[in-house]
Amino acid sequence: MERREEVSRRPWYQEYLKGLWEENPIFRMLLGMCPTLAVTTSALNGLSMGLATTFVLTSTSLVVSIIRKLVPGQVRIATFTVIIATFVTVADLFLKAKFPAISKALGPYVPLIVVNCFILGRQEVFASKNPTGRSILDALGVGSGFIFALTLLGSIRELLGSGEVFGHEVIPGWHPWVVMILPAGAFLTLGFLVAAMNAIERTK
Amino acid sequence: MELLLIFVAAVLTNNFVLHYFLGICPFLGVSSRMETAVGMGLAVIFVMTLTATVTWLIYHHILVRFGLPFLEYVTFILVIASLVQIVEMFLRRFSPELYRALGIYLPLITTNCSILGLALFMVLREYDFIEGLVFGIGAGIGFTLVLTIMAGIREELAFADLPRAFRGAPITLITAGILALAFMGFSGLIRV
């Protein structure tokens with residue numbers, strides 16, 4: 001199985017920007033839903049999860065784009081997965097050592113970054129076909145889009161669930177909607193957010 | 001009794017999809033038709049039961065014995081990927097009907113986070129072998145249950161007159177939210 005090199009011809013800044021909106025993993029592609037829904041009980045958790053995932057995505061893209069010509073087509077998925085799992089182990093041990101509170105709050109969802117489909121997706125679609133510089137920009141762009149989506153979702157849930165954002169009181173005397181912190185709130189909020197993004201997209 | 005609790009918790013109160021958000025991608029992807037939902041569900045029950053058995057044995061008899069638990073994630077994902085591959089080859093050889101029925105769902109299971117989640121939870125909660133097995137079967141059945149309920153609802157929703165922005169993913173997510181609310185009714189049943 002011979003793979004063609006499909007080098008992207010976009011201007012370099014577009015490589016970064018496209019991840020924010022056009023190819024936003026959450027709002028446009030609907031990939032990587034599990035951590036998105038599970039850890040966004042507060043803005044801080046959402047942000048930390050976004051940063052951890054971006055770290056894994058960028059490091060993996062870096063390695064994959066360097067070795068892209070050495071990996072035979074048949075075993076590429078397994079290779080990418082092992083590289084991802086390695087960086088996830090690094091991120092997990094780092095969080096456990098330096099930020100035990102966050103590591104505890106995110107729980108098993110840090111190791112679950114391994115099966116976050118858009119990380120593998122970016123390797124398959126982009127990093128395995130493009131030079132290193134572009135691949136890193138692409139990874140950072142998609143990562144930023146992910147951070148943006150997670151922090152937004154986390155802020156909304158935290159705001160409605162406890163009247164706070166990042167632990168700061170925003171609406172004094174807010175009567176908490178407990179359901180927003182519970183699983184059901186995650187599905188509902190994301191559903192309305194995606195609908196809103198669809199509506200914005202259509203008015204363009 | 002303990003085993004029954006683990007089973008009921010995995011199916012109803014701590015359902016993988018609605019409580020832990022594991023396996024959302026196939027949940028959104030293959031729940032539009034009943035037939036495909038049942039196929040995916042069966043494949044997941046099958047692979048989950050196998051994964052629970054094999055990862056338990058490997059974790060306790062190889063990783064722990066040789067002091068390598070930090071290789072947990074890499075090992076688990078490789079075990080799951082190779083298991084799915086072996087199951088696929090085995091089915092193709094010995095049961096072509098079942099192979100055709102499960103078809104494309106088998107390879108998709110590798111990236112189904114509920115399988116890795118299962119292995120991780122099993123280690124985290126320190127289940128013994130039998131408990132792990134029951135947990136695996138229960139989680140698989142719970143996934144299938146929610147997936148088929150969702151498929152039933154979505155088949156009806158397909159004819160509903162929705163605002164355009166809500167069509168597709170948004171209404172599916174909102175339906176899942178309402179389903180999660182309904183499943184909260186079970187939460188008084190047991191504590192895990």
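Per residue of peptide A:84-97, the mean number of Cβ atoms on other chains within 10 Å of the residue Cβ is 2.
What list do you get for B:TYR127, B:TYR59 if you sort them by fewest beta carbons within 10 Å?
Numbers: B:TYR127 18, B:TYR59 21.
Lowest to highest Cβ neighbour count: B:TYR127, B:TYR59.
Spatial offset of the stretch A:25-48 relative to the stretch A:106-159 amounts to 10 Å, using the alpha carbon center of each. Hey, if you drop one equal point scatterer on each alpha-carbon of chain A and run the Debye formula without solvent, what base-10 log of I(q)/I(0) do you get at q = 0.13, 0.14, 0.17, 0.19 Å⁻¹? Cα-only, vacuum Debye calculation for chain A: -0.73, -0.83, -1.13, -1.30.
Using the Kirkwood radius over Cα pairs, work out the Stokes-Einstein diffusion coefficient for the stretch A:23-63 at 25 °C and 0.890 mPa s, in µm²/s as a whole number. Provide the component values of the computation, followed by the final result.
Details: Rh = 10.9 Å.
Value of D from the Cα-based Kirkwood radius: 224 µm²/s.
With neighbours defined as other Cβ atoms within 10 Å of a residue's Cβ, the residues B:THR55, A:THR81, A:THR86 order from fewest to most as A:THR86, A:THR81, B:THR55. Between A:ARG202 and A:VAL75, the FRET efficiency estimated from the beta carbon spacing at R0 = 51 angstrom works out to 0.75.
Provide Rg over Rh for the stretch A:1-108; use the alpha carbon set for both Rg and the Kirkwood Rh (inverse mean inverse pair distance). Mind dumping the intermediate values first?
On the way: Rg = 16.2 Å, Rh = 16.0 Å.
Radius of gyration over Kirkwood radius for the stretch A:1-108 works out to 1.01.
Along each principal axis, taking the top coordinate minus the bottom one, the Cα set of the stretch B:17-102 gives 46, 36, 16 Å in descending order.
Taking only DSSP H segments of four or more residues, each worth -39500 (n - 2.57), what value at 222 nm results for chain A once the sum is divided by all its residues, to the nearest 500 deg cm²/dmol?
Numbers: 8 runs with 125 residues, N = 204.
Calculated from helices alone, the mean residue ellipticity at 222 nm is -20000 deg cm²/dmol.
Compute the helix-to-body angle for B:169-183: its Cα long axis versus the longest principal axis of chain B, expressed 0 to 90° and rounded to tens. Its long axis makes an angle of about 70 degrees. Each residue in B:TRP56, A:TRP174 was given a count of other beta-carbon atoms within 10 angstrom of its own, and listing them fewest first yields A:TRP174, B:TRP56. For the protein assembly as shown, the convex hull spanned by the alpha carbon atoms encloses 164 Å³ per residue. Seen through its C-alpha gyration tensor, with square-root eigenvalues sorted a ≥ b ≥ c, the stretch B:1-53 comes out prolate because a/c lies at 1.5 or above while a/b is bigger than b/c.
Could the peptides A:31-39, A:64-72, A:9-17 be put in order, highest first, of the mean number of other beta-carbon atoms found within 10 Å of their residues? It would help to have the intermediate numbers written out before the result.
Working: A:31-39: 25.4, A:64-72: 15.1, A:9-17: 13.1.
So the peptides A:31-39, A:64-72, A:9-17, ranked by packing, come out A:31-39, A:64-72, A:9-17.
Grab the other residues whose beta carbon is less than 12 angstrom from that of B:GLU131, score K and R as +1, D and E as -1, and report the net. Value of the local net charge: -2.
Once you have a ≥ b ≥ c as the square roots of the Cα gyration tensor eigenvalues for chain B, tell me rounded if a/c is under 1.5, and otherwise prolate or oblate according to whether a/b is larger than b/c. Show your work: numbers first, answer last.
Values: a/c = 2.09, a/b = 1.39, b/c = 1.50.
Cα axes put chain B in the oblate bin.
Residue by residue along B:116-123, Cβ atoms of other protein chains within 10 Å of the local Cβ number 3 on average.
Counting charges near A:PRO108 (Lys, Arg +1; Asp, Glu -1) among other residues having Cβ under 13 Å from its Cβ returns a value of +1.
Give me the angle, in degrees from 0 to 90, between the Cα long axis of helix B:129-157 and the longest principal axis of the Cα atoms of chain B, rounded to the nearest 10. The helix B:129-157 is inclined about 10 degrees to chain B.
Readers should treat all values here as calculations from the given coordinates under stated rules, not as data from a laboratory. Just so you know, these numbers come straight off a predicted model, no measurement behind them. When we count neighbours, we look across all protein chains shown, and the Cβ atoms used for this are built from the backbone with ideal geometry, even at glycine.
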